[in-house]
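Heads up, the thing below is written out as structure tokens.
The values are calculated or read from the model by the stated rules, or taken from the named source; none is laboratory data. Quick caveat: nothing in here was measured; it's all calculated off a predicted structure. Don't worry about glycine lacking a Cβ; one is built from the backbone with ideal geometry, like all the others, and counts go over all protein chains shown. Surface areas here come from the heavy atoms of the whole protein model, side chains and all, with no ligands, DNA or RNA. Shrake-Rupley method; radii C 1.70, N 1.55, O 1.52, S 1.80 Å.
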Amino acid sequence: MAGSSRSLSRSIFAAVLSFTLIAVLATAIALVTVSYLAEEKRSEDALVAQARACAEVLEGRTAEERATLINDQFPGPERFTLVDPAGAVVCDTEATSHALGNHGSRPEMQQAESQGEGVLVRHSDTLGQDTLYVAERLQDGSFIRVSEERLSLFAFLGSMAAPMGIVMACAVLLVIVLSRFLTARIMKPLQGLDANDPLAGDVYEEMQPILRRIDQQQRQLKRQNEELKQAEGLRREFSANVSHEMKTPLQVISGSAEMIASGLVAPEDVRDFAGRIYLESQRLRALINDVLTLSRLDESSFDAAERAPVNLLEVVRRTCERLEPLARERQVSLAFDGTPVRTAGSEPLIEQAVSNLVENAIRYTGDGGAVRVQVQAETQAEAQAAATVANAATSEAIATDGSKANSGKANSGKAPAGPWAIVRVRDTGIGIPAEDRSKIFERFYRTEKSRSKETGGTGLGLAIVKHAASYHGGDVTVESALGEGSTFTLRLPLAES
Ligand code: ADP
């Protein structure tokens, strides 16, 4: 199920904008609070200084003189209150002294009484707000108190509202512009991503692993696509070849049958025509059987149940026995020898591969020739030594006609390890031209001089051998010299006996 999709750019924009706004707001609040506290401290210091100055002026004066001096020299805006030693208010710049009660018990007075000076902030119920009081004790025990209304933080904020509003509006605008710019910068490498080449261009380091993976998968997809195209091409070619190969026998069959049916064949020739029909239908059957075997091998549909121990010497014995009449007909001597080595796999498939090799050896060997089949085991070391020799033979073995006797090879592509069960089929036949040796394992490939069709060849025999070998984890190789003969070596993994 696909997850819900969110816009990355909108999320980044919202995050940057909100975080920056919070930061700007917090900084503004902190700045205002600090300025408020600094202002409070400044006004407190100023009030204390004023109270001390006033006390100095009043020192040594009579009560009347003091009252006059206060009214003349300290007109406000602060409030001045002169209190006698008994706590009665002598004079107050904001209220008549009679209306005010005894001030002796006020905390700032008590503090001034004991310490000479009292400074504190008190909430005045009368005024309904905080007031800062500074009281100074005079030498005769009287007190001069100076007070001033305190601006609350909210009031202070209120007084700052207009300039703050302007600054904040500018800051918000700036933050929006900056957030857009930042979002665009962050998004640029993402928007510039090329899906076909994800690692190209300016790529975030953190995205490298996932982009590398996408790149890998794309390459893999491309490779698979090409392989599929190639396979499709081969399949088409194969189908076209199969149809073509079927046409000739079908034409012979239908032509001969038609002639017999329309009475165009003399009674003494009917037997001959029937023989031709039989031969071509046998050829058709062989072709269909080979095509079916190959398509089963292509699908790897020989199941595990078919993988059983196979005695190769026994398989070779049966094959030679079956092909003995053909060898006799072609005047080719057929012999086999070896040890009873075992492999594991599909016995019918292995028998068909061996049979294809032996039948080819007989068909491509002229009168008086010989075909010899050997069965043996090969250790891992021998397999490696043989591989080295085979590689050297590619450039060193010289055939009697002077051409190089190099080898062709067909296997699953894996490096063979051994130990191996080996079936080697040698013939003294026509040999295979060097340029054809690697191609003869392809479907329907025939060498020019083989006269394959005339001897009943389908052109699929070696393709089946190659696939059967690879299906069992083995391989098949050929060494040959023109006019001298050929040796096909089928190697299958050796099974414990
Ligand atoms: P075919 O049915 O034509 O024999 P194969 O796939 O078995 O098809 O063999 C492909 C071709 O390889 C043959 O047509 C023939 O030209 C060549 N070939 C195979 N085996 C031998 C051999 N023992 N000696 C010479 N040529 C061979």
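Things to note:
- Mean separation of Cα contacts under 8 Å (6+ apart) over length of the range 5-130, as relative contact order %: 10 percent
- Above-threshold pairs, the threshold being 27 Å between Cα atoms, out of K222/K247; K229/K466; K247/K449: K222/K247
- Using C-alpha pairs below 8 Å separated by at least 6 residues, the relative contact order for the range 113-184 is 19 percent.
- Taking all protein chains together and rolling a 1.4 Å probe, E484 ends up with roughly 90 Å² accessible.
- Estimated from helical segments only, the mean residue ellipticity of the chain at 222 nm is -18500 deg cm²/dmol, where each DSSP H run of four or more residues counts as -39500 (n - 2.57).
- For the chain, averaging the sequence separation of C-alpha pairs within contact (under 8 Å, six or more residues apart) and dividing by the residue count gives a relative contact order of 10 percent.
- Mean Cβ count within 10 Å, highest first, over the residues of peptides 58-68, 422-432: 422-432, 58-68
- Take the chain with all the other protein chains still there, run a 1.4 Å probe, and you get 58 Å² of accessible area per residue.
- Packing-based ranking of 455-461, 175-181, 88-94 yields 455-461, 88-94, 175-181, ordered from highest to lowest mean Cβ neighbour count within 10 Å.
- Applying the Karplus relation 6.51 cos²θ - 1.76 cosθ + 1.60 with θ = phi - 60° to the range 328-343 yields 3J(HN,Hα) values of 5, 4, 8, 6, 10, 8, 10, 9, 9, 7, x, 10, x, 8, 10, 10 Hz, where x marks Gly and Pro.
- Euclidean distance of C-alpha centroids, the range 344-364 and the range 470-495, integer Å: 11 Å
- Counting only protein heavy atoms and a probe of 1.4 Å, the accessible surface of the range 32-148 is 49% carbon and sulfur.
- Largest to smallest accessible area among E78, E347, E258 [probe 1.4 Å]: E258, E347, E78
- In terms of accessible area, using a 1.4 Å probe and ignoring ligands and nucleic acids, L264, L132 rank largest first as L264, L132.
- Of the residues Y36, Y445, Y133, the one with the largest accessible area comes first in the ranking Y445, Y36, Y133, computed with a 1.4 Å probe on protein heavy atoms.
- Tail beyond 20 Å, pair distance distribution of the range 27-174 (Cα, percent): 52 percent
- Probe 1.4 Å - accessible area at M187, Å² to nearest ten: 20 Å²
- Taking amide H atoms as placed 1.01 Å from N in the peptide plane, the amide H of V310 lies under 5 Å from those of T343, A344, G345, each 5 or more residues away in sequence or on another chain.
- Sum of side-chain charges, R52 neighbourhood, beta-carbon under 12 Å (Lys, Arg +1; Asp, Glu -1): -4
- Rounded D (µm²/s) - the chain, Kirkwood Rh over Cα pairs, Stokes-Einstein at 37 °C, 0.692 mPa s: 97 µm²/s
- H244 contributes about 110 Å² of solvent-accessible surface, heavy atoms of the protein only, 1.4 Å probe.
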